[in-house]
Each structure stands twice: as structure tokens, then as C-alpha cells.
1. Under Stokes-Einstein, with the Kirkwood radius over Cα pairs standing in for Rh, what whole-number D in µm²/s applies to the stretch 176-249 at 25 °C and 0.890 mPa s?
2. Mind jotting down a quarter of the surface of the convex hull over the alpha carbons of the stretch 209-250, in square nanometres, one decimal?
3. Shape call for the stretch 137-264 from the C-alpha gyration tensor, a ≥ b ≥ c root eigenvalues: rounded (a/c under 1.5), prolate (a/b greater than b/c) or oblate?
4. Taking the Cα atoms of the stretch 59-167, what is the range of coordinates along each of the three principal axes, in descending order and whole Å?
5. Among the trypsin sites (Lys or Arg not before Pro) within the stretch 88-169, which fall in a DSSP loop and have no more than 10 other Cβ atoms within 10 Å of their own Cβ?
6. May I ask you to derive the FRET efficiency for residue 282 and residue 97 from their Cβ-Cβ distance with R0 = 22 Å, giving the value to the nearest 0.05?
7. If you take the Cα atoms of the chain, find Rg, then find the Kirkwood Rh from the mean of 1/r over all pairs, what is Rg/Rh?
8. Would you mind listing how long the stretch 7-108 runs along its three principal axes, going by Cα atoms, in whole Å with the largest first?
Amino acid sequence: MFAVTATQFDPDNPLTGLTLGDHPEPKVPDGWTTVTVRATALNHHDLWTLKGVGIRKERLPIVLGCDAAGVDEDGNEVIVHSVIGTGADETLDPKRSLLSEVHDGTFAERVAVPRRNLVPKPAALSFEEAACLPTAWLTAYRMLFDKAGLEPGSTVLVQGAGGGVATALIALGRAGGYRMWVTSRSEEKRAKALELGADQAFASGARLPERVDAVMETVGQATWDHSLKSLRPGGRIVVSGATSGQTPSAELNRVFFLQLSVTGTTMGTRDQLGRLATFLTQTGVRPLIDRTLPLTQARDGFSALHEGDVFGKIVFTL
């Protein structure tokens, strides 16, 4: 079958290890099944894999991709939950992994997954829209509606306006009744964020007109100081990524004096993925897709993501 794989690591030029071509059919352990992939979405996780982050060399070659929507062996339209783990909250399983870390991922004609990881795809969502949900949109859903601890009407700052999680936060927060503010270095991306539903957009690091109830943080080191200074007393930062670096100054004096909270989160549960799909059906909110490409042109999508030339999700179709 055709697949997109990582065959080597290169921290400086990650696309060096990106390989497109034939790959063996997936092996199906007991309790697993196969899904014929109709659409799959690109994430920064895939670039990190090509850089050698979070994966051992002996895993290579491995099929990339965490997200997929497709058809199961019984002909049902499904969304693939990419967290492989056990327990009521599989994200807390110390042995958990994502597809493409231990097991082959979704950038292929077929992918093997545990049966419990299949979520029914609502008919109202296209395969392309549904493929955006399992990583970026599920992460955003959990950040806003589980970890932030906010009531509708609260003000939320999203650091960085263009990525998949950020655009999901804007759209979900708007639909959930939050006042959504965003930052970006790019004037063009700030304008697009306003079109998407953000109430206000600011240059990165800009002084805000008032302090916010919560900050959604995926950037890390480059924005951490601004995130802390933007919070009201008793406010909360929800962290799900650190794309610019993981070691900012903690500013503990500010944290304890203003009684700030810092909450980490990663992905979401299978049940939350199902509720996210229902939320989109009920509200009419849909993922913002930057571009759709055939999987055979995956290199073009990787190049765009690597260069930061993205607003929303890049989706590959089969």
C-alpha cells in the first residue's frame, strides 16, 4: 500500500527523512481492526518525529500521521482516536503512545487501531473535517472545556493565531460563549483570526487593554513571560505545547503572589473526541482547513508547515 514514512532523523532539515512509496500492509493484533483512510491531517507532531523528538531510531521506518477519518471493516464511517492507552483517561496511562510513535500512523491507505479507538463520524462532517479532530481540535476542546475551568463570558487569550490548535481554540471558544483574544507576529494572521471569530487580535507581546481569565499556551518559551503578565489574579495558563522552547523563566514570585495556576494537558480521551464531534454537529462549527492535498503530494504540505505558511489545518486525502 502507499504510505508516507519517516526513514531517518534530521533536526535541521526534517524533510530529509520524509519518504513516500510502498509500505507493508498493517499487522492487526487481537482486539485491533483496520480502517481504510479517506482523509488524514498533518500536525507539528509529524515534523517533530522527523527531527527525532519523542521516538527512538529503532522504530524507523514508521508511517507518520496521528489523525484519520475513514471506513472500518464493517463499512461504518469512523474517526480514529490516536491515543493508544488504557483506563478511563488513556492520556494518563504512563505507557500511552500516539499513532506514529510505536505503531504505524495514518498517512497510509490503511491503518490498524484498537477497536475501542473508533468513534462514529457524524454524517454532518465531511471526512476532511473529521480528520482534523483527533489531535489539534481535541487538544483545544480539552483545554477550553475541561482544563481551563471557565464560565461562558470569560476572556481567553490564545498565544499564536495560525496553527491548528490555535484556530480550533478560536472557533470553539467563540461557539462556547467565551471572549477570545489572540496574538500573532503576522498582521495577516491577526486579520484572519478576527474573520474566524476572535474578538480582538494583538501583536505578539503587546500590552493588553485588560488582564484575561485564562491563557491558552502552545508556544512556550517565546510567549511565557507575556502569558504570565496577561493573567488576572487567580487566573490560569493551560499548556499543551512548547514549540519555541521548554525552559522559560518560571517567574515563581508572580505565580504565588497573584495565585496563578499552570495546568498541563495533552490530547484528550476517546469520549471527549465523541463529544467534540457532537459539539460541531450541534453548533455548526467546522475546522478551518488551510489546504487539501492528495497524500501523494504530502511533501508540499510538510514544506508549508515547516515554513510556517499555514493558517488552519493541512489535510491529505486518499
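No value in this document is a laboratory result; all are computed from the given coordinates. This is a predicted model, so every value here is computed, not measured. With ideal geometry, Cβ positions are generated from the backbone for all residues, glycine too; neighbour counts draw on all protein chains shown.
1. D = 191 µm²/s.
2. On the way: hull surface 11.3 nm².
Computed as one quarter of the Cα hull surface, the answer is 2.8 nm².
3. Note, shape of the stretch 137-264 comes out rounded.
4. 44, 35, 29
5. On the way: sites: 95, 96, 110, 115, 116, 142, 147; in loops: 95, 96.
Sparse-neighbourhood loop trypsin sites (Lys or Arg not before Pro): 95.
6. Using R0 = 22 Å, I get an efficiency of 0.10.
7. Rg divided by Rh gives 0.96.
8. Ordered largest first, the stretch 7-108 gives principal extents of 42, 32, 22 Å.
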